Amino acid sequence: MAKKPKTVLSLCRATGVLHLGNYLGAVRDFVALSEDPNAECYFGIADLHALTSLTDPEKLRPATRQVARDYLAAGIDPQQSALFLQSDVKETNELFWLLCNVTATGELLRSKTYKEMSDKQPENVNAGLLMYPVLMAADILGPQADLVPVGDDQITHLEMARNIAKRFNHRFGETLRMPAPYRKSSIRVPGLDGKGKMSKSDGNGFGIAEEPEAIWEKLRVAYTDPARQRRTDPGNPDLCPIATIHRFVSPKDDVEKIEDGCRTAGIGCIDCKKILHGHLSDLLAPVRARNQKLTDGDVSDALAAGATRVRTRFQETVATVRERMGL
Ligand code: AMP
């Protein structure tokens with residue numbers, strides 16, 4: 001396959017079922033990027049990174065494979081893009097070590113994520129937490145990525161990867177390509193409990209390949225503006241996660257209709273949720289259909305092909321890095 005002008009790399013956490021927030025906030029954009037004829041896309045699932053906060057090894061592999069399955073269901077075509085597990089790319093570990101030698105310890109110790117994670121799991125402040133950005137730099141610099149879709153929380157890690165590349169190139173000669181951030185959509189899908197963003201750990205969302213009936217059971221009991229105790233009480237759509245999700249998935253006319261109806265008590269919460277459910281069902285129908293056709297073998301085949309492709313890129317980089325470092 002001819003090399004395309006832009007290499008895009010994205011790694012996501014191995015969290016299991018992808019929820020609507022993952023889809024609208026990230027994966028849908030990845031699918032669009034993967035269809036860009038100028039972009040060669042590599043989508044990795046960061047199972048090595050997951051080890052820094054591992055609680056139950058039995059759950060890691062199923063969670064990792066579930067993410068892979070959901071990526072395929074969401075529309076990532078494994079013929080076009082490489083979908084791979086980080087742990088299948090053995091070269092990542094080698095590059096990680098080589099890059100450790102051009103990483104400033106001070107920068108690692110000052111990392112905000114390191115401090116946050118140390119506070120979050122004080123009983124397990126392992127060296128992996130500290131070295132996390134170097135592993136991420138290896139993930140990015142190995143395939144010589146040009147663009148890395150990142151949210152605000154990951155921007156400093158990308159900056160560290162750039163610093164590592166800069167330091168390497170300065171010391172050993174131009175070798176590593178400088179990755180640039182690709183700003184992802186900054187939408188924030190609220191959780192159905194009204195307590196913040198939709199997140200896997202809070203269990204306040206639904207999977208993108210779930211059946212419409214299952215999604216309805218979750219929507220039906222979702223939090224709405226508490227001012228609407230009775231059908232006749234007016235509400236404020238700005239305080240309601242359902243109205244926010246409407247803004248992301250429903251046509252403009254419907255959004256205006258439900259927001260006006262909420263403020264004037266012209267529409268009840270259940271009817272508003274039913275309209276949302278209809279639009280969500282339409283949006284996710286292709287995801288569900290692809291998911292129904294996917295077999296475990298398809299997921300394994302996609303991951304094997306993706307690993308082979310990304311490893312080829314890594315092997316080229318590692319060979320040059322080794323050579324430049326005098327090995
Ligand atoms: P996570 O596994 O939580 O890191 O999420 C993977 C990707 O999905 C990240 O790029 C997040 O920005 C995105 N994401 C996760 N939750 C939400 C949400 N509630 N709203 C929008 N985007 C989200």
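The values are calculated or read from the model by the stated rules, or taken from the named source; none is laboratory data. Given the structure is predicted, the values throughout are model-derived calculations rather than measurements. Ideal geometry is used to build each Cβ from the backbone, glycine not excepted, and the neighbour counts take in all protein chains shown. These area figures cover heavy atoms from the full protein model, side chains too; ligands, DNA and RNA do not enter into them. Shrake-Rupley method; radii C 1.70, N 1.55, O 1.52, S 1.80 Å.
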Study note, to complete from the structure: Between the Cα axis of helix 127-141 and the main Cα principal axis of the chain, the angle (0 to 90°, nearest 10) is 80
Point to revise | Asp260 accessible area, assembled protein chains, probe 1.4 Å, Å² | key: 90
Practice item. May I ask for the distance between the Cα centers of segment 140-187 and segment 25-97, given as a whole number of Å? Key: 18
Review point. Given a 1.4 Å probe and the protein chains all in place, what does the accessible area of Ser111 round to, in Å² to the nearest 10?
Key: 10
Practice item. Express in whole angstrom the spacing between the alpha-carbon centres of segment 110-137 and segment 191-242. Key: 33
Check your understanding: Which of the lysines could a cross-linker span from Lys218 if the Cα-Cα distance has to be under 28 Å and same-chain partners fewer than 8 positions apart are dropped?
Key -> Lys59, Lys184, Lys195, Lys197, Lys200, Lys252, Lys257, Lys273, Lys274, Lys293
Review point. Which value, in Å² and to the nearest 10, is the accessible area of His279 when all protein chains are kept and the probe is 1.4 Å?
Key: 40
Practice item. Provide the packing ranking of 262-273, 99-110, i.e. peptides ordered by the mean count of other C-beta atoms within 10 Å per residue, highest first. Key: 262-273, 99-110
Point to revise | aspartates and glutamates whose Cα lies under 12 Å from that of Lys112, excluding same-chain neighbours fewer than 8 positions away | key: Asp153
Review point. Using mean Cβ contacts within 10 Å as the protection proxy, how do 36-44, 231-239 order, highest first?
Key: 36-44, 231-239
**Study point:** Separation in nanometres of the label points that stand 7 Å from Cα toward Cβ, at Asn38 and Asp152
**Key:** 2.9
Point to revise | Residue order for Lys197, Lys293, Lys6 - accessible surface, 1.4 angstrom probe, largest first | key: Lys293, Lys197, Lys6
Review point. Just how large is the dipole of segment 1-94 about the Cα centre, in debye to the nearest 20, putting +1 at every Lys and Arg Cβ and -1 at every Asp and Glu Cβ?
Key: 60
Revision key, fill the gap. For the chain, the per residue accessible area (1.4 Å probe, Å²) is 48
Check your understanding: How much of the accessible area of segment 212-290, in percent, comes from carbon and sulfur atoms when a 1.4 Å probe is used?
Key -> 54
